[in-house]
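Quick notes on the structure that follows.
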Amino acid sequence: MTSRFRLLLVVLFAVVGLSSTAQDAPLQPLPFFASFIPNVQFAPLYVAIEEGYFADAGYDFQIQHGDENIGVIQIAQGDPKFGLISGEQVLMARAAGIPVVYLYTWFMQFPVAVVARDGVEMDSPDDLAGLRVGIPGPFGASYTALTALLASAGLTEADLQLESIGYVAPDVLCAGGVDAAVVYINNEPLEIQRRIDAGQCGDVTGITVLPVADFANIASNGIVTNEDVVKNEGSLVWTVTTAFDQGVFDTATNPARAYLHSLNHVENLPQSQAFIDALEGYATEFDALLATLPSPDDIAVKRIEVRDALREAFEPAELAQFEVLLATIELWDHPLTGIIDDNAWLITRDTMAMMGSIPADFDITGAYISDFIPMGIDYEGAAPIAVTPES
């Protein structure tokens, strides 16, 4: 266990009154919703489990995967009491009278972008005008993100040729079916670039990536619970946000070990013995770096060095999911992990109102609170910073 987490546990146990006797008692089940299926992007959860952060607080943490629109209702009903839900779903739920509350920002940057092939000028949202733009369909996070991006430049769908292409953006872009496509920034641009490098992307020789968050950051996925839990189970809320926050910190500062922990939770991750041996070696190197109390830039440089070294040693297919993890870390790595951006929620509200998903006069008060954000990543030392827990 890291010294950073030990110190926070001292604070947490003092607040919630955990005794050594309680810690020795059988672990209490703590189900937790996550959308989609097991994936390396959920590494902070796997790290928190494998490092014992939930168990140390007396809980058997159990991840339950499913559809987000169902998960948000289950959380409101208290089974499970917590989960990772997007800001969009929170606002739609509350507009329907479902009392969920957003507690902790996981993705500090909304993970959607527009990717354009070479020869297409795309330096700002204004450049989308007149382009053939592919999108999975007029639904979901991609559609919300595109709407917000266009609005930031005073554009609408009518200013471009929007084409529904499903979830095959790399195929369509490489085939020349569209000029650009709306994608998840931590995955599909990597896949397209791998195809380009292998000469398997038609006549496409390069891409430009336009992150939506650079122009219209939307409230993305974070920890959500219900109003009753916030009111009556504050100590449990602190346990969840604290353990998760430590998982985020550990993943960002030692992605090699985070990937190794993920092997126990995600099927079909590449795991040749040579790859595992390499990651174990780099995990040790990250530990040594952390012992020097590095800056955020030092750790970011180390991540890039490790990625480049692995690229020299392994085939792209074996490295693909580790690269997805590194790209995902960039979206939630922040000096103050978990903090909530008021402006992102205002952009989300305005975008969703524009789309007709929530009433135009919808009041977002109470949709999110900052009372249970434990602290941020403290690269300068082991001590927690920012918020002190309150009972």
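What residue, of Glu233, Glu280, Glu285, is more than 15 Å from Leu45 (Cα to Cα) and out of contact with any helix residue (DSSP H, G or I) (no Cβ under 9 Å at 6 or more places or on another chain)? Break it down stepwise before answering.
Numbers: Glu280 fails: out of contact with any helix residue (DSSP H, G or I) (no Cβ under 9 Å at 6 or more places or on another chain); Glu285 fails: out of contact with any helix residue (DSSP H, G or I) (no Cβ under 9 Å at 6 or more places or on another chain).
The unique qualifying residue is Glu233.
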Only one of (1) surrounded by 16 or more Cβ atoms within 10 Å (Cβ to Cβ); (2) among the aliphatic types (A, V, I, L, M); (3) in a loop (DSSP other than H, G, I, E, B) fails for Leu293. Which number is that? (1)
Checking Val47 against (1) within 17 Å of Thr365 (Cα to Cα); (2) of a type outside the set (Gly, Ala, Ser); (3) assigned to a helix (DSSP H, G or I); (4) in contact with a Lys or Arg (Cβ under 9 Å, 6 or more places away or on another chain), which test does it fail? (1)
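If a residue has to be more than 28 Å from Ile364 (Cβ to Cβ) and surrounded by 15 or more Cβ atoms within 10 Å (Cβ to Cβ) to count, how many in the range 312-343 make the cut? Write out each step before concluding.
As a first pass, look at the range 312-343 and keep what is more than 28 Å from Ile364 (Cβ to Cβ): 312-327, 329.
With surrounded by 15 or more Cβ atoms within 10 Å (Cβ to Cβ) added as a condition, the list becomes 314, 316, 318-327, 329.
The qualifying residues number 13.
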Considering only residues that are of a type in the set (A, V, I, L, M) and over 15 Å from the mean Cα position of the chain (by Cα), look in the range 71-90 and name the one that is farthest from Pro111 (Cα to Cα). Ala76
Being touching a Phe, Trp or Tyr at 6+ places or on another chain (Cβ under 8 Å), under 30 Å from Leu173 (Cβ atoms), crowded, with 24+ Cβ neighbours inside 10 Å and in the same structural domain as Ala256 (by TED's automatic domain parsing) is true for just one of Ala43, Ala34. Which residue is that? Ala43
By residue number, the members of the range 296-307 that are at pLDDT 95 or above and surrounded by 13 or more Cβ atoms within 10 Å (Cβ to Cβ) are Asp298, Ile299, Ala300, Val301, Lys302, Arg303, Val306, Arg307
Would you be able to tell me the number of residues in the range 301-317 that are touching a residue at least 24 places away in the same chain (Cβ under 8 Å) and within 22 Å of the chain's Cα centre (by Cα)? 2
Only residues in the range 73-100 that are farther than 22 Å from Leu236 by Cα count as the first member; pair them with residues that are surrounded by fewer than 19 Cβ atoms within 10 Å (Cβ to Cβ) and at pLDDT 95 or above, Cβ under 6 angstrom, at least 6 apart or cross-chain, and list the lot. Met92/Ser357; Ala95/Phe362
Asp350: passes all of (1) outside any helix (DSSP H, G or I); (2) within 24 Å of Leu146 (Cβ to Cβ) but (1)
List every residue pair whose Cβ atoms lie under 6 Å apart, where the two residues are 6 or more positions apart in sequence or sit on different chains, the first residue falls within the range 242-259 and is over 17 Å from Asp298 (Cβ atoms), and the second residue, located anywhere, is hydroxyl-bearing (Ser, Thr, Tyr). Ala243/Tyr53; Asp245/Thr337; Gln246/Tyr53; Val248/Thr337; Ala258/Thr251
When you check Asp245 against the structure, is it modelled with pLDDT of 95 or more, surrounded by 19 or more Cβ atoms within 10 Å (Cβ to Cβ) and of a type in the set (D, E, K, R), yes or no? yes
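The values are calculated or read from the model by the stated rules, or taken from the named source; none is laboratory data. A quick note: this is a predicted structure, and the numbers were derived from the prediction, not measured. Every residue, glycine among them, receives a Cβ derived from its backbone with ideal geometry; neighbour counts consider all protein chains shown.
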